[in-house]
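S.K.: Pasting in a structure now, in structure tokens, and then I'll have a few things to ask.
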Amino acid sequence: MSNLAPDFDLYNLRESSRIFFVGIGGISMSGLAELALSSGRQIAGSDRVISARTDYLVHLGIPVFEGHRADWIDQFKPDLVVHTAAVHNDNPELIRAKELAIRTIDRATFLGWLNREFKEVINIAGTHGKTTTTAMTSLILMEANVDPTVHLGAELIQFHSTVRVGATGQVMVSEACEYMNSFLKFYSTVAAVLNIDYDHVDCFQNIDAVIDTFAEFADHLPDYGTLVLPAFDRKVSTMVENLQVRRQSSHQPMPGLIWFGSEDDMINGQKPDYYFRNLSYSKGLPSFDVWHNDSFYCHIHLLIPGRHNVDNALAAIACAACCGGTPQAASRALNSYQGAEGRFTYTGDYRGAQVIADYAHHPSAARATLAAASHMPHAHTWVVFQPLTFSRTKVLLEDFAKALRNCEQVILAEIFSDRETNPGDISSSMLAARINELGGHAEFIPDFKKIQARLDQLVNPADLILVLGPEDIRSLADHLTGRKTSHK
């Protein structure tokens, strides 16, 4: 177990130091640049394309260069260069920085440095639900006047951004992603593991490797730290067993464990610390009572659908309570929470049908989204799905096919990936074929204009259109409804 700060951190940089972000238009990088700017440092960056998100950064006073050129480093003269995992060693800015002996670090390392500037840090991990739970936790703390600094993987209407800068500098809430073991560079006083599934197949060989890295993440908690866990996830239980072995071998006590789930989920013969009762749905939206240690805590009526969001809400309540959250704050925040961008986001109507955009990048996430949609009033449901990354689609093709086979109709766009080269041996057409082999109804339409034309043939008023996948396909939902988002 280690929680030592790295040998070089933000304290080594003067307040007037200059930081250059390579790939600054990314959803996480743009937020980190905004947080770094708020600390008084001078910020600039570059991205392959100029977008509404980079325009927003320019509005904040951050120069953004289009494309990747060594000249940008010469012009800005940074003290530090931060880059995304998608940027490779042949990037001209990284090459130039190394030629000039300028320190270069990846995004995760920089976020880990930011963590260490705060007294209390809530890092929320898990294969699914990180963005929603991080947003919920942050809003509960805001209602409790805790004033957190927040780093999100999506835009939140309350922030008008992906981040929030707290005035006190005492508490930070952030997503903690397992991709490339990024979250192993973070510091936490409270950590949540919402769930564990096999994902990021390009960096994890199997589910055991995923469980192991989550155990290592949890092991980075200090002895006085707290680990928030679902009582219903067997893989998380295996992770806890792994963590116990790690702590015993290092002669370290376990961190505090807080469990959440339903009143029927048992941990060592007892109910979870936070659990729900009396779950019901009205027009697809869940209502439930939250109990803590067998005492009534608060009543929640969510404005976002889905059984999975009941679990996300419980996790958020538990995390927030560790840093000053209260039942009253939880009730006020969650009863008005309308969701983060791209997480079951209502974008408007098209031909009289409601259009919902959702990230749903994994078979389990797709199932949860489809289950949530099934509770909503509708006539027919039309699903437009774009897989994210070639490796995930290839390895999890059978799971994707099983998740989508019961849909009334699935339209598949071609696979999107901004960090992998097309291997030439996997396509959405193969997923469509497999769905049909399993008795489903799928068709492969790689052109977005033709997807819209096909929807024109299918859609009637009172129908529901689900546009599932990365920002690339979710932009189609905005196009259909004419919605304009703030930064995209």
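S.K.: Tally the residues that are touching a residue at least 40 places away in the same chain (Cβ under 8 Å), part of a helix (DSSP H, G or I) and either of a type in the set (Asp, Glu) or within 16 Å of VAL49 (Cα to Cα) (or both), restricting the search to the stretch 64-84.
M.R.: So the first thing to find is which residues in the stretch 64-84 are touching a residue at least 40 places away in the same chain (Cβ under 8 Å), and the list is 64, 68, 72-73, 76-84.
From what is left, the residues that are part of a helix (DSSP H, G or I) are 72-73, 76.
Now narrow it down to the ones that are either of a type in the set (Asp, Glu) or within 16 Å of VAL49 (Cα to Cα) (or both): 72.
Of the residues in that region, 1 qualify.
S.K.: With respect to the numbered conditions (1) more than 24 Å from ARG14 (Cβ to Cβ); (2) buried (at least 24 other Cβ atoms within 10 Å of the Cβ), which one is the sole condition not fulfilled by LEU111?
M.R.: It fails just one condition, (1).
S.K.: Further question: Evaluate the following for ALA191: is it of a type in the set (Gly, Ala, Ser) and either assigned to a loop (DSSP other than H, G, I, E, B) or over 18 Å from the mean Cα position of the chain (by Cα) (or both)? Reasoning before the result, please.
M.R.: Details: of a type in the set (Gly, Ala, Ser): yes; either assigned to a loop (DSSP other than H, G, I, E, B) or over 18 Å from the mean Cα position of the chain (by Cα) (or both): no.
For ALA191, the condition - of a type in the set (Gly, Ala, Ser) and either assigned to a loop (DSSP other than H, G, I, E, B) or over 18 Å from the mean Cα position of the chain (by Cα) (or both) - is not met.
S.K.: Name the pairs: first residue in the stretch 294-316 and without any contact (Cβ under 8 Å) to a residue 24 or more places away in the chain and part of a loop (DSSP other than H, G, I, E, B), second residue surrounded by 15 or more Cβ atoms within 10 Å (Cβ to Cβ) and of a type in the set (Lys, Arg), Cβ to Cβ under 9 Å, at least 6 apart or on different chains?
M.R.: Once the first residue is without any contact (Cβ under 8 Å) to a residue 24 or more places away in the chain and part of a loop (DSSP other than H, G, I, E, B) and sits in the stretch 294-316, its partners that are surrounded by 15 or more Cβ atoms within 10 Å (Cβ to Cβ) and of a type in the set (Lys, Arg) give ASP294/LYS271.
S.K.: Here's something else I'd like to know. Taking the options ILE258, ILE267, name whichever one is among the aliphatic types (A, V, I, L, M), under 22 Å from ILE124 (Cβ atoms) and within 27 Å of the chain's Cα centre (by Cα).
M.R.: On the way: ILE267 fails: within 27 Å of the chain's Cα centre (by Cα).
When all the criteria are applied, what remains is ILE258.
S.K.: Still on this structure: Condition first: surrounded by fewer than 23 Cβ atoms within 10 Å (Cβ to Cβ), of a type in the set (A, V, I, L, M) and under 25 Å from GLY153 (Cβ atoms). Can you find one or more residues in the stretch 334-354 that meet it?
M.R.: No - not one qualifying residue is present in the stretch 334-354.
S.K.: Please name all residue pairs, on different chains or six or more residues apart, with Cβ atoms under 6 Å, provided the first residue is in the stretch 377-388 and is without any contact (Cβ under 8 Å) to a residue 40 or more places away in the chain and the second residue is surrounded by 24 or more Cβ atoms within 10 Å (Cβ to Cβ) and not in a loop (DSSP other than H, G, I, E, B).
M.R.: If the second residue must be surrounded by 24 or more Cβ atoms within 10 Å (Cβ to Cβ) and not in a loop (DSSP other than H, G, I, E, B), no pairs are left.
S.K.: If we keep just the residues of the stretch 250-264 that are touching a residue at least 40 places away in the same chain (Cβ under 8 Å) and touching a Pro at 6+ places or on another chain (Cβ under 6 Å), which is surrounded by the most Cβ atoms within 10 Å (Cβ to Cβ)?
M.R.: If we take residues in the stretch 250-264 being touching a residue at least 40 places away in the same chain (Cβ under 8 Å) and touching a Pro at 6+ places or on another chain (Cβ under 6 Å), then PHE260 is surrounded by the most Cβ atoms within 10 Å (Cβ to Cβ).
S.K.: Going through the stretch 367-396 one residue at a time, which ones are among the aliphatic types (A, V, I, L, M) and within 24 Å of ALA85 (Cβ to Cβ)?
M.R.: Here is the first cut: in the stretch 367-396, the residues among the aliphatic types (A, V, I, L, M) are 368, 370-373, 376, 379, 383-384, 388, 395-396.
Matches in the stretch 367-396: LEU388, VAL395, LEU396.
S.K.: Among VAL173, VAL150, which is surrounded by 23 or more Cβ atoms within 10 Å (Cβ to Cβ), outside any loop (DSSP other than H, G, I, E, B), free of Cβ contacts under 8 Å to residues at least 40 places away in the same chain and not charged (D, E, K, R)?
M.R.: Values: VAL173 fails: free of Cβ contacts under 8 Å to residues at least 40 places away in the same chain.
Just a single option satisfies the conditions, and that option is VAL150.
S.K.: While we're here: Test ILE473 against the criterion of being touching a residue at least 40 places away in the same chain (Cβ under 8 Å), crowded, with 17+ Cβ neighbours inside 10 Å, closer than 19 Å to ALA340 by Cβ and of a type outside the set (Ser, Thr, Tyr), and give yes or no. Working first, answer last.
M.R.: Values: touching a residue at least 40 places away in the same chain (Cβ under 8 Å): yes; crowded, with 17+ Cβ neighbours inside 10 Å: yes; closer than 19 Å to ALA340 by Cβ: yes; of a type outside the set (Ser, Thr, Tyr): yes.
So ILE473 fits the description; yes.
Read-outs: derived from the displayed coordinates by stated rules, not from any lab. As the structure is a computational prediction, the values presented were derived from the model and not from experiment. Neighbour counts run over all protein chains shown; Cβ positions are idealised from the backbone, glycine included.
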